[in-house]
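The structure is given below, and queries will be raised subsequently.
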Amino acid sequence: RCRWKHLLAFTLCCAILLVLRPRPPTPVDPVPAVLSGELGEAAAWMQARSEQTENTPLLTIFTIFKEENASTWEACHAGACVLGSVRAVRSWLQLPEAIVLIFAAEETCRHLTTLLPLSGLHACEDIPCFAADGSPTYDCLFSAAASSARTPALMYSNADIFFFQDLAPAVRKVHHSFPNYFIVGKRRDMEAHTALRREDTLFQAVNHNRNGIDWMVFPTAHAPQLPPFLVGRIQWDQWTLLQAVAADVPTFEAGAVVQSVHSNHGVSLASHNRSGSNVNRDLALHVPHPRVKELKVYHPGTIWLGRLDETMYLLTSHTAATEPRVSEEYFAPKIAPASGVCPDCTILFNNQSLELLLYKQHALVQDRRTVTLAHITPTNVALVPLFYCSMLAATVSNVLFVTAHPCVRDTLRRHGYPVYLHRSIAAVETTEDDFFVFLDAMVQALSRGYNVLWLQPRTVAMETGAMLGGGTTTEIFFPQSYLDGPATGPPDQVYTRQRGRTFRFWLNLLQNLRQRQASGPAEPGWLWQHVAESVRNVQATRSKNNPIIGSFPNTVDSDPLPQLDETLLTCDSPPESNPDRLPGSREFEWPATKCDTAGS
């Protein structure tokens, strides 16, 4: 009986210990690679999986697959796949810091699950929305990817682009220093019938042109909002880049350090000719602009300013002292290997075109595109901060500084001021040369359809351009004192309406001045005397070929700027090598935020 009592007690203790023993964590139920249903399920699943990962991936790459016929899929399953997109996405799945999210029809997802290792963090989802003609649209695609992603960076790519291990370091280089950004890069084209290695592509792939934007990276929190562009058609990618450029989002061209290779598939310019392309062209005529509420591009050609060679920055392995590349050479259709990889790479300013800077800086005045040009030299660069703040206080925000001096250009853009380096002649050696360069920039602005307010930085317009020319036929406005008195220098301000004859007036004046300079030495002050004489002669000779020259309305005035400490901004300041202090970076403060509007 005693033995039975001991045996019963022992059994009871074992049972208690068995119940109270520590249990291992419950394993996560495997989730099918093809996720069906609402995107919320995919987002929750991806978040749960990423939380289990020791190092959260850097970026989510999303794309869309088109439907293929049954024979194409049969060939793929048999090991004879002709789809470059399947081989390309396999290269993404080998990137350790990337999550891959595919949008496709349910049948396509089922095939991709077998052909691709869609497991772990990778998923295939239903296409979220369609246009009336049955085409998928990019608006829902981008918003669905942003809602689903749990990585700090988000990337869209066409499905037929191969990527390699140099992608993540380049993204991390920018993401570390810039809270908002937009990265694009040129692609290279080559025949790819098998999986590619980076070293195979370096001396075989050929550059694509500057209009082909096949991939883009941005912070997930700042994913662009798109109108319902149709997938697989033109101009949606130019629109997206131009929107970022116009809003002063730091934009980067990274083709020199990111090797992205397009698998040739024998279909050239298909997106230009596909049914529905007109839908995208119509949508692309409306681009958000910080100063133009009408959101109009004005003419179809402007959309092509959203090009790879118009970004704010370049990501390259060149040293900071190197002048940025020449676009024609960089995008030439030739074999050109990537120049290096990050983190051993450099962020350089890009030389954006005058056409793009005019578009960025313009405002609408009486429904006409208008820009304010200010001529800056090494002797007056110190006036820029006060001049700029005073213009903002006068509600004039469409200012573009123009200079012929690289040191002025470098100084102003490091401080975040909109500036264009204009080179209409080989060397700027005299005051006349400097003035010719500025006059040539004004002629080019008129030729591109902009009204131009020309200001000397020693004065500031005290009214907005909305008062200029109201209720009058005058086409070129000068200060009355300039029209009446002797000319000892350039006028403080000139406003020119864009007309064919105003353009011809300034162009002829520029050509005459150059001819006069080339004829030999002249007396001091000849330039300003010649300009004043030309203006007064046209004013006195009324004909259909001459513009109507007059004085500013009484409501428009200008005041001189006060004396300023000339050490505030100097042309010989050293270049900024710290990416955390470049315009748009985490530690940078834009000039407008430094202006004390009331004090100005």
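The values are calculated or read from the model by the stated rules, or taken from the named source; none is laboratory data. These numbers come from a predicted model, not from an experiment. Positions of Cβ are backbone-derived with ideal geometry, glycine not excepted, and every protein chain shown enters the neighbour counts. When the accessible area is computed, the model is the full protein with side chains, heavy atoms only, and any ligands, DNA or RNA have been set aside. Shrake-Rupley method; radii C 1.70, N 1.55, O 1.52, S 1.80 Å.
Would you call L400 modelled with pLDDT under 90 and aliphatic (A, V, I, L, M)? Please lay out each step first, then the result.
Numbers: modelled with pLDDT under 90: no; aliphatic (A, V, I, L, M): yes.
No, not satisfied.
Here's a follow-up. Name the residues in segment 137-159 that are open to solvent by less than 30 Å² (accessible area, probe 1.4 Å) and not aliphatic (A, V, I, L, M), would you?
Residues satisfying the conditions are T137, Y138, F142, S148, T151, Y156, S157.
Looking at segment 87-110, which of its residues are more than 13 Å from E67 (Cα to Cα), charged (D, E, K, R) and either within 26 Å of the chain's Cα centre (by Cα) or at pLDDT 90 or above (or both)?
Correct list: E97 only.
Can I ask one more? Restricting attention to segment 370-379, and to residues there that are open to solvent by less than 30 Å² (accessible area, probe 1.4 Å) and of a type outside the set (A, V, I, L, M), which single residue is farthest from R413 (Cα to Cα)?
T370
Being under 11 Å from L412 (Cβ atoms) and open to solvent by 10 Å² or more (accessible area, probe 1.4 Å) is the filter here; which residues of segment 380-394 pass it?
Scanning segment 380-394 gives P385, Y388.
Let me ask another. Take the residues of segment 280-320 that are in a loop (DSSP other than H, G, I, E, B), among the aliphatic types (A, V, I, L, M) and within 25 Å of Q259 (Cβ to Cβ): which is modelled with the lowest pLDDT? Spell out how you get there, then give the answer.
From segment 280-320, those in a loop (DSSP other than H, G, I, E, B) are 284-288, 290-291, 293-299, 306-307, 311-312, 317-320; that's our starting set.
In the following step, the residues that additionally are among the aliphatic types (A, V, I, L, M) were identified as 284-285, 287, 295, 297, 312, 320.
Keeping just the survivors that are within 25 Å of Q259 (Cβ to Cβ) gives 312, 320.
Numbers: M312: 95, A320: 45.
Here the residue is A320.
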